[in-house]
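Peer 1: Handing you a structure now.
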Amino acid sequence: MNIAITAGVQLMPPSFAAGLSVWSREYGTPGSATWENQANAAIVAADQDFGPCLEINKAEDTTRLRYMGETPILPGTYLRVSARIKAMAGARPAVRIAGWAGGADRGHVAGLDETGPLRGLPDYGEVIEISAIVGTGQRGGVDMPWGAEPVYGHFGLDLTGANGGAVRIESIRVEDVTSTYLRDMMDWVDVRDFGAMGNGTADDRAAFIAADKAAGGRVLVVPAGSYRIGSDLTLKSPVRFTGTLTMPRAARLALMGSFDYPTYAAAFGDETEALKRALQALFGYTDHCELNLCGRRIDLTEPMIMTELAPDLTSFQNRRQICNGQINVVDGPAWANRAVTSQATYDPANQMVLSNVANVANIEVGSLITGAGVGREIYVKAKNVGAATLTLSQPLYGGAGTRSYRFERFRYVFDFLGIESASNVILSELDFSLNGAASCLMLPTEGRMFQFRDCYIHSPRDRGITSAGRGCQDLHVDRCHFLSSEMGLPAQDRKSVAINVNANDTKIRENRVVRFGTFMVADGGGHLIVGNHWFQGDDTEIGKRVPGLVLTNGNNKSVITGNYIDNCIIEWTNEYSAAPDFANNTWSFGGLTVTGNHFFVHGVLSDFAWLSIRPYGTGHYIQGLTVTNNVFLVGGPKIQRIEKVDTSFADLDYGRMRNILFAGNTFNGVLDYVANPVQISHNQATAQASWVVPLAQKLPFKGWARNVDSLTAVSMMTDGGGGRVTEMPWVRALQGSDKGSLQVEWSKPVKGQVAIMARMDDPS
């Protein structure tokens, strides 16, 4: 506390009249020589100005007078030591208040100011008062600022100058004048009162701890200055900084009573350093679960790399939230990507490893890997320099071989990679102004339940949210606004990716994503992609449209529902397979539901399709796909179909299709309406015994006409002579060179109209 409670503490020395055995001729320490029985000292019983007093004839260059009792120095107190004195005869000396500082070990505390201002004595008989103030803090008017180390003092005065003169001294007075500096009504505590120096060199940690302990709920004030704190510091009281702190990188500042970004900014005087320190405390100390930026804009000059901010932090699972502010990236060398080209060997039998990696030491963990045989969004998860190996986030589809690869490490505002496991982190109501200079978030190697909600991610240079491991398990991204830095480029020239994931069960909901190269690349399964609007069009008159959502897990049990999918493709692949050909012991494409979405495109070529399956190996088929109750709308020239198979690597096996439902969809500007099962009406105008009914253009992915659910006559069947035919025909499936037709077989030539419900799959 700021005002020492000195009631009951003996401050005032006894009068000289009580005897001189307690008054030292040296520094007042035990055993030192006293003034008792000295020839040049005597008690005057009744001086006209002083009453009882001490008369000394000065015989030494510095004549000392010290009370041998220990006057306590309490934290936060200020003592006024004073005496009245007059010259009586002979040479008139100069005089000053003086003291001796004692520590808790009863030894002398060196290096302190132990004398007050020196004052000459005027004419004989003229009384003057000399005084000096001693205290723990370096405050205005304090003559002897002793800090927190001394716990007591021996006080008195010094006579200096010419010898041979006589002086009389009234008794020494010691008074508590703390209230002169700090009043009882004040609600703050000044760290200087507890010995903080603020000179940038002395370690002020002990003074801060003492002040915090004494504050009792009041505000801790840190005045102007530079305060060095040598190790971890936890302050329970609210703090107000005018001065700034310096601390070693590994030392942690935990402001328990003022845990918010503005306080850290004031404490360190630099916005980037302040964010580092606040994050260090947030993730390294269990008493804080939220870092509130309090609406502040932070001009950030370098990435927040969590393993550098808190080197001893390997994992955490407790809920942590960063919220309510703007992070504005200031471009500079710290944000520069680093790219390395190197040769390495891949063996599908060891599918998550690149071996014999040249120049492996210069490849950064977290680098994006590109090259022949590499799928999208594959990153370096870990490296072993001694073994010259890299651990991958996903397998490569390109097969065995030694190839040249490019490794590029992006820079992220928040980079959690390298932490072994981190979970339950929330980024909420943040505006990331990335200014084309930085990416936003790199997830940890392992973890779950990172949440990104109500945030603006504006103009990332390369990526929005990146996963180089499985820290994306249960990732939530809700109500965020992603704005690309590549707005003006044609869709096919954009490189940015808003989100990628490798693990399961993400919830991507109600986001708006504008003109990225790709909205999301998603491996794993169990994803809920709900209520989003992502659009990737451009200003090209007849433009190319590229994938917006890429699903890389063939059997992914995911739901895409209620979205506005604008000028881009949903592409379904198996590019993360080290052996991409289908084998009987693996799953093929299945488990996907696309329902209730609004699909739109404009200004494209007629071969555009919103749904594309791209097998990277042979033998694959669809074993579960639902596309229902969607609206497909084309602005401008019509397109042929809504769906296709991209056969760049391989086609599907149409003879193994099963459990496919296309129903309830609305088509506008689409030439071929598709459904499965599909109902068509066939009118046979001339009597024939075998009717050919083409279906391929009506079935999804131009599939084979494999099964017929029903055939119903909707007119009277007649023979060539007009006679009524009542027999039941039978149907041949898989007819024609494309196996996309049916043949309705009669026992004789027949004409009429039938409704047929047919399908491309085996529903069982």
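The values are calculated or read from the model by the stated rules, or taken from the named source; none is laboratory data. Note that the coordinates shown come from a computational prediction; the quantities given were computed from them, not determined experimentally. Neighbour counts run over all protein chains shown; Cβ positions are idealised from the backbone, glycine included.
Peer 1: Can you find even one residue in region 690-701 that is of a type outside the set (S, T, N, Q) and in a loop (DSSP other than H, G, I, E, B)?
Peer 2: Within region 690-701 (the criterion being of a type outside the set (S, T, N, Q) and in a loop (DSSP other than H, G, I, E, B)), the answer is yes, since at least one residue qualifies.
Peer 1: Can you tell me how many residues within region 494-519 are closer than 14 Å to R376 by Cβ and over 21 Å from the mean Cα position of the chain (by Cα)?
Peer 2: Summing the residues that are closer than 14 Å to R376 by Cβ and over 21 Å from the mean Cα position of the chain (by Cα) in region 494-519 gives 6.
Per-residue answers, yes or no, for (1) within 20 Å of V497 (Cα to Cα); (2) more than 22 Å from the chain's Cα centre (by Cα):
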site	(1), (2)
C323	no, no
W335	yes, no
T345	no, yes
P348	no, yes
N356	no, yes
V374	yes, yes
E377	yes, no
P395	yes, yes
R409	yes, no
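Peer 1: May I pose another question? Considering each of W704, W746 in turn, give the residue that is of a type in the set (F, W, Y) and either loosely packed, with under 14 Cβ neighbours inside 10 Å or more than 60 Å from the chain's Cα centre (by Cα) (or both).
Peer 2: W746
Peer 1: Mind telling me which of the residues F432, F416 ends up being crowded, with 18+ Cβ neighbours inside 10 Å, under 24 Å from K507 (Cβ atoms) and in contact with a helix residue (DSSP H, G or I) (Cβ under 7 Å, 6 or more places away or on another chain)?
Peer 2: So the residue among F432, F416 that is crowded, with 18+ Cβ neighbours inside 10 Å, under 24 Å from K507 (Cβ atoms) and in contact with a helix residue (DSSP H, G or I) (Cβ under 7 Å, 6 or more places away or on another chain) is F416.
Peer 1: Okay, next question. Given the options T666, T647, T618, T626, name the one that is within 19 Å of A758 (Cα to Cα) and of a type in the set (S, T, Y).
Peer 2: Step by step, each of T666, T647, T618, T626 is checked, and only T626 is within 19 Å of A758 (Cα to Cα) and of a type in the set (S, T, Y).
Peer 1: OK, next. Might you check whether a residue that is small (G, A, S), under 24 Å from the mean Cα position of the chain (by Cα) and at pLDDT 95 or above occurs anywhere in region 429-436?
Peer 2: yes
Peer 1: While we're on this one: If you go through region 674-692, how many residues are within 15 Å of Q735 (Cβ to Cβ) and either charged (D, E, K, R) or in contact with a helix residue (DSSP H, G or I) (Cβ under 8 Å, 6 or more places away or on another chain) (or both)?
Peer 2: Of the residues in that region, 1 qualify.
Peer 1: Keeping to region 601-635, report how many residues are charged (D, E, K, R) and surrounded by fewer than 18 Cβ atoms within 10 Å (Cβ to Cβ).
Peer 2: Of the residues in region 601-635, 1 are charged (D, E, K, R) and surrounded by fewer than 18 Cβ atoms within 10 Å (Cβ to Cβ).
Peer 1: Would you mind finding the one in P333, P348 that is surrounded by fewer than 17 Cβ atoms within 10 Å (Cβ to Cβ), within 25 Å of M304 (Cα to Cα) and not assigned by TED's automatic domain parsing to the domain that holds L275?
Peer 2: Among P333, P348, only P333 is surrounded by fewer than 17 Cβ atoms within 10 Å (Cβ to Cβ), within 25 Å of M304 (Cα to Cα) and not assigned by TED's automatic domain parsing to the domain that holds L275.
Peer 1: Go through (1) more than 28 Å from T301 (Cα to Cα); (2) assigned to a loop (DSSP other than H, G, I, E, B) and name the single condition L417 misses.
Peer 2: Failing condition for L417: (1).
Peer 1: Of all the strands (runs of 3 or more DSSP E) wholly in region 549-643, which have at least 3 residues that are assigned by TED's automatic domain parsing to the domain that holds T506 and either in contact with a helix residue (DSSP H, G or I) (Cβ under 8 Å, 6 or more places away or on another chain) or of a type outside the set (A, V, I, L, M) (or both)?
Peer 2: In region 549-643, 555-561, 569-573, 590-595, 598-602, 611-614, 625-628 are the strands (runs of 3 or more DSSP E) which contain 3 or more residues that are assigned by TED's automatic domain parsing to the domain that holds T506 and either in contact with a helix residue (DSSP H, G or I) (Cβ under 8 Å, 6 or more places away or on another chain) or of a type outside the set (A, V, I, L, M) (or both).
Peer 1: Consider Y285 carefully, then state whether it is touching a strand residue (DSSP E or B) at 6+ places or on another chain (Cβ under 9 Å) and either crowded, with 22+ Cβ neighbours inside 10 Å or under 19 Å from G198 (Cα atoms) (or both).
Peer 2: No: the conditions fail for Y285.
Peer 1: What residue, among those in region 560-591 that are modelled with pLDDT of 95 or more and among the aromatic types (F, W, Y), is surrounded by the fewest Cβ atoms within 10 Å (Cβ to Cβ)?
Peer 2: Going through the qualifying residues, I end up with Y564.
Peer 1: Kindly indicate whether N555 is closer than 21 Å to P395 by Cα, among the polar types (S, T, N, Q), surrounded by fewer than 23 Cβ atoms within 10 Å (Cβ to Cβ) and modelled with pLDDT under 95.
Peer 2: yes
Peer 1: Kindly evaluate D709 against the criterion of being closer than 26 Å to Q623 by Cα, not in a strand (DSSP E or B) and not assigned by TED's automatic domain parsing to the domain that holds L652.
Peer 2: No; evaluated as a whole, the condition is false for this residue.
Peer 1: Okay, next question. Considering only region 749-764, how many residues are surrounded by fewer than 15 Cβ atoms within 10 Å (Cβ to Cβ) and in a strand (DSSP E or B)?
Peer 2: 2
Peer 1: Of all residues in region 166-183, count the ones that are farther than 20 Å from P117 by Cα and at pLDDT 95 or above.
Peer 2: Final tally of qualifying residues: 1.
Peer 1: Could you list, in sequence order, all residues of region 195-224 that are assigned to a loop (DSSP other than H, G, I, E, B), touching a strand residue (DSSP E or B) at 6+ places or on another chain (Cβ under 7 Å) and among the small types (G, A, S)?
Peer 2: Once the filter is applied, which keeps residues that are assigned to a loop (DSSP other than H, G, I, E, B), touching a strand residue (DSSP E or B) at 6+ places or on another chain (Cβ under 7 Å) and among the small types (G, A, S), region 195-224 yields A196, G198.
Peer 1: Looking only at region 184-213, filter to residues that are at pLDDT below 90 and surrounded by fewer than 20 Cβ atoms within 10 Å (Cβ to Cβ); which one of those is nearest to A310 (Cα to Cα)?
Peer 2: W188
Peer 1: Provide a single number: the residues in region 263-282 that are surrounded by fewer than 17 Cβ atoms within 10 Å (Cβ to Cβ) and touching a residue at least 24 places away in the same chain (Cβ under 8 Å).
Peer 2: So the count comes out to 1.
Peer 1: Looking only at region 366-383, filter to residues that are under 18 Å from L417 (Cα atoms) and in contact with a Gly (Cβ under 7 Å, 6 or more places away or on another chain); which one of those is surrounded by the fewest Cβ atoms within 10 Å (Cβ to Cβ)?
Peer 2: Looking at the filtered set, the residue picked out is K381.
Peer 1: Looking at A132, A148, which one is touching a residue at least 40 places away in the same chain (Cβ under 8 Å) and under 27 Å from L20 (Cα atoms)?
Peer 2: The match here is A132.
Peer 1: Still on this model: Please specify each residue of region 255-264 satisfying the condition of being within 21 Å of M197 (Cα to Cα) and in contact with a helix residue (DSSP H, G or I) (Cβ under 6 Å, 6 or more places away or on another chain).
Peer 2: Hits for region 255-264 are L255, Y264.
Peer 1: For region 203-220, which residues satisfy the criterion of being among the hydrophobic types (A, V, I, L, M, F, W, C) and under 33 Å from the mean Cα position of the chain (by Cα)?
Peer 2: A206, A207, F208, I209, A210, A211, A215, V219, L220
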